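Participant: Below is a structure I'd like to ask you about.
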Amino acid sequence: MIDGEPAIIDKDYILKSIVPKVPKQAAEDSLYAYFENQLGLTIGYATKEITMAPATDEDREHLAISKGAYVAVVRSVTSLTDARAFQYTESRHRADRFSFRDFARRTKK
């Protein structure tokens, strides 16, 4: 919710062989704090893809948008430092509330 309006549908899928169980409290507070502080996992990196797509019936129902509207879809795969992918996330954002900001730094070797 942003300013009392639904803005994002966020779906997370976590590899059970790496994270067998996610307590409700961890899901409500901070998944990454749980992964790192309780399970001792070291998160290394994530890859993201951002696209625009027509809103689905589920998007329209949960985001209060009309037929014909588009949503920004952010798909992300998060991996541990040993390169094992363990989390897939798909976030669907109302286009009128979506913003993308990037920071890139190049270092000399």
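Participant: Give just the number: which of (1) open to solvent by less than 80 Å² (accessible area, probe 1.4 Å); (2) over 20 Å from R101 (Cβ atoms) does V71 not satisfy?
Facilitator: The failed condition is (2).
Participant: Still on this structure: S66 versus (1) open to solvent by 50 Å² or more (accessible area, probe 1.4 Å); (2) in contact with a strand residue (DSSP E or B) (Cβ under 9 Å, 6 or more places away or on another chain): which is the lone unmet condition?
Facilitator: (2)
Participant: So is A72 of a type in the set (A, V, I, L, M) and in a helix (DSSP H, G or I) or not?
Facilitator: Numbers: of a type in the set (A, V, I, L, M): yes; in a helix (DSSP H, G or I): no.
No: the conditions fail for A72.
Participant: Also, I was wondering about something else. Can you find a residue in segment 75-94 that is open to solvent by 70 Å² or more (accessible area, probe 1.4 Å), modelled with pLDDT of 95 or more and under 22 Å from G4 (Cα atoms)?
Facilitator: No, segment 75-94 contains no residue that is open to solvent by 70 Å² or more (accessible area, probe 1.4 Å), modelled with pLDDT of 95 or more and under 22 Å from G4 (Cα atoms).
Participant: Next question. For Y13, are the conditions met, namely being more than 23 Å from R101 (Cα to Cα), assigned to a strand (DSSP E or B) and among the hydroxyl-bearing types (S, T, Y)?
Facilitator: Yes.
Participant: Let me ask something else about it. Is it fair to say T107 is more than 27 Å from V22 (Cβ to Cβ), out of contact with any helix residue (DSSP H, G or I) (no Cβ under 7 Å at 6 or more places or on another chain) and polar (S, T, N, Q)?
Facilitator: Details: more than 27 Å from V22 (Cβ to Cβ): yes; out of contact with any helix residue (DSSP H, G or I) (no Cβ under 7 Å at 6 or more places or on another chain): yes; polar (S, T, N, Q): yes.
Yes.
Participant: While we're on this one: Among the residues of segment 64-84, are any in contact (Cβ under 8 Å) with a residue 60 or more places away in the chain and not aliphatic (A, V, I, L, M)?
Facilitator: Keep residues of segment 64-84 that are in contact (Cβ under 8 Å) with a residue 60 or more places away in the chain, which gives 80, 84.
Now restrict to residues that are not aliphatic (A, V, I, L, M): 84.
Yes, segment 64-84 contains a residue that is in contact (Cβ under 8 Å) with a residue 60 or more places away in the chain and not aliphatic (A, V, I, L, M).
Participant: Could you list, in sequence order, all residues of segment 1-35 that are closer than 18 Å to L63 by Cα, out of contact with any helix residue (DSSP H, G or I) (no Cβ under 6 Å at 6 or more places or on another chain) and of a type outside the set (V, I, T)?
Facilitator: M1, D3, G4, E5, D10, K11, D12
Participant: Show the residue pairs meeting these rules: Cβ distance below 9 Å; 6+ apart or different chains; first residue within segment 3-19 and among the aromatic types (F, W, Y); second residue surrounded by fewer than 16 Cβ atoms within 10 Å (Cβ to Cβ).
Facilitator: Y13/Y88; Y13/E90
Participant: Moving on. Exactly one of these conditions fails for D59: (1) open to solvent by 40 Å² or more (accessible area, probe 1.4 Å); (2) at pLDDT 95 or above; (3) part of a helix (DSSP H, G or I). Give me its number.
Facilitator: With respect to (1) open to solvent by 40 Å² or more (accessible area, probe 1.4 Å); (2) at pLDDT 95 or above; (3) part of a helix (DSSP H, G or I), D59 is out only on (1).
Participant: So, one more: Considering only residues that are β-branched (V, I, T), under 18 Å from L80 (Cα atoms) and open to solvent by 50 Å² or more (accessible area, probe 1.4 Å), look in segment 15-56 and name the one that is nearest to the chain's Cα centre (by Cα).
Facilitator: Initially, segment 15-56 is screened for residues β-branched (V, I, T), giving 18-19, 22, 42-43, 47, 50-51, 56.
Narrowing the set further to residues that are under 18 Å from L80 (Cα atoms) leaves 18-19, 22, 42-43, 47.
Among the residues that remain, those that are also open to solvent by 50 Å² or more (accessible area, probe 1.4 Å) are: 22, 42, 47.
Numbers: V22: 16, T42: 18, T47: 11 Å.
Among those that are β-branched (V, I, T), under 18 Å from L80 (Cα atoms) and open to solvent by 50 Å² or more (accessible area, probe 1.4 Å), it is T47.
The values are calculated or read from the model by the stated rules, or taken from the named source; none is laboratory data. Please read all numbers here as calculations on a predicted model, not as lab measurements. Using ideal geometry, Cβ is built from the backbone for each residue, glycine included, and neighbour counts are taken over all protein chains shown. All accessible areas refer to the heavy atoms of the entire protein, side chains included, with ligands and DNA or RNA removed. Shrake-Rupley method; radii C 1.70, N 1.55, O 1.52, S 1.80 Å.
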